[in-house]
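Contents: one structure, followed by commentary.
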Amino acid sequence: MVLVHGVRTSRTMWRAQEEVLRAAGHRVVAVDLPGHGRRLDEPFTVDRCLEVVDEAVESLGGTAALVGLSLGGYVSVAYAARRPDRVAVLVAAGCCTSPTTPLRGVWGRLARWIESWEDSGERLNAELVRRTLDVQAAHDVAAGGFALTVVSGMLEEIGTVDPIALLPRVRCPIHLVNGRFDHFRTQERAFVRAARASGRPVRLVVVPGAKHLVALDAPVTFSRVVLEALEDVQVPGAEASPPERRLS
């Protein structure tokens, strides 16, 4: 299984999932995308992101389950559409708003402004982490360091990715996972329709009480969702599930 993190974070945000998946006997690689973690000095490009994921899949034998959160979700959808032969199941979390939205320009201007601050928004980021994550989750995301100057460039690059157009090209079971209070759920129904156009089994899972960083807000529930997604790989010809599941 390959785990792909969100923007500004790194591979360390997946600590809880890595522990659960390895305990269940799965081989796991959590990557650092360019401009993040151990690749902090690399320029962020979508093409390089896909190369990083491909290298991780290759290290696992050429086929893997793929799990991505937020930015990692968009990258994972793009990879699964480009290399459908290499993805056994796709879990795309916190990414049900297309990055092609006109709001991307507003977000980009805000990001450039914050990045121009003397501390590049370090204190703001620390306060957001403190207010939105519990102590363990905050420790996990901080362990790999924060990419404070990558967001504006990332927004320019990720605008080339249209997940609604790409999902029909995926050739494996698709699991869309969102926190109940995720502000990136604005096109959830459109994403489900696009995923169903692939002809593969599709599940939408909405996690009660969780926000955008659903894997950090509800690590036990999210890990269970991932383990259930892996079960789909072992069921040839599985029927598509009902369009939504709410977990308690």
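The table below lists the values:
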{"quantity": "Pair list, Cβ under 6 Å, 6 or more apart: the range 80-107 residue under 19 Å from Gly199 (Cα atoms), other residue of a type in the set (Val, Ile, Thr) and surrounded by fewer than 21 Cβ atoms within 10 Å (Cβ to Cβ)", "calculated": "Arg86/Thr63; Ala88/Thr63; Ala88/Val233; Val89/Val233"}
{"quantity": "Residues that are out of contact with any His (no Cβ under 9 Å at 6 or more places or on another chain) and either open to solvent by less than 10 Å² (accessible area, probe 1.4 Å) or at pLDDT below 95 (or both), drawn from the range 8-23", "calculated": "Gln17, Leu21"}
{"quantity": "Cβ pairs under 6 Å, 6+ apart, first in the range 216-240 and open to solvent by 20 Å² or more (accessible area, probe 1.4 Å) and of a type in the set (D, E, K, R), second outside any helix (DSSP H, G or I) and at pLDDT below 95", "calculated": "Asp232/Ala238"}
{"quantity": "Enumeration of residues in the range 187-212 that are closer than 24 Å to Ala137 by Cβ and open to solvent by 50 Å² or more (accessible area, probe 1.4 Å)", "calculated": "Pro208, Gly209, Lys211"}
{"quantity": "Residues satisfying the stated conditions in the range 24-59, i.e. part of a loop (DSSP other than H, G, I, E, B) and open to solvent by 20 Å² or more (accessible area, probe 1.4 Å)", "calculated": "Ala24, Gly25, His26, Arg27, Leu40, Asp41, Glu42, Pro43, Phe44, Thr45"}
{"quantity": "Residue satisfying condition, being open to solvent by 40 Å² or more (accessible area, probe 1.4 Å), closer than 25 Å to Arg8 by Cβ and touching a residue at least 24 places away in the same chain (Cβ under 8 Å), within set Arg169, Arg180", "calculated": "Arg180"}
{"quantity": "Top-ranked residue of the range 63-113 - restricted to ones that are within 14 Å of Glu157 (Cβ to Cβ) and assigned to a loop (DSSP other than H, G, I, E, B), ranked as least open to solvent (accessible area, probe 1.4 Å)", "calculated": "Pro99"}
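Yes/no matrix, rows are residues, columns are (1) over 15 Å from the mean Cα position of the chain (by Cα); (2) over 15 Å from Ala80 (Cβ atoms):
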| position | (1), (2) |
| --- | --- |
| Ser152 | yes, yes |
| Val161 | no, no |
| Leu167 | no, no |
| Arg171 | yes, no |
| Ile174 | no, no |
| Asn178 | no, yes |
| Ala195 | yes, no |
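The values are calculated or read from the model by the stated rules, or taken from the named source; none is laboratory data. Predicted model only: the values in this text are computed from it and were never measured. So basically every Cβ, Gly included, is an ideal-geometry build from the backbone, and we count neighbours across all protein chains shown. Surface accessibility is based on the protein's heavy atoms, side chains included, excluding ligands, DNA and RNA. Shrake-Rupley method; radii C 1.70, N 1.55, O 1.52, S 1.80 Å.
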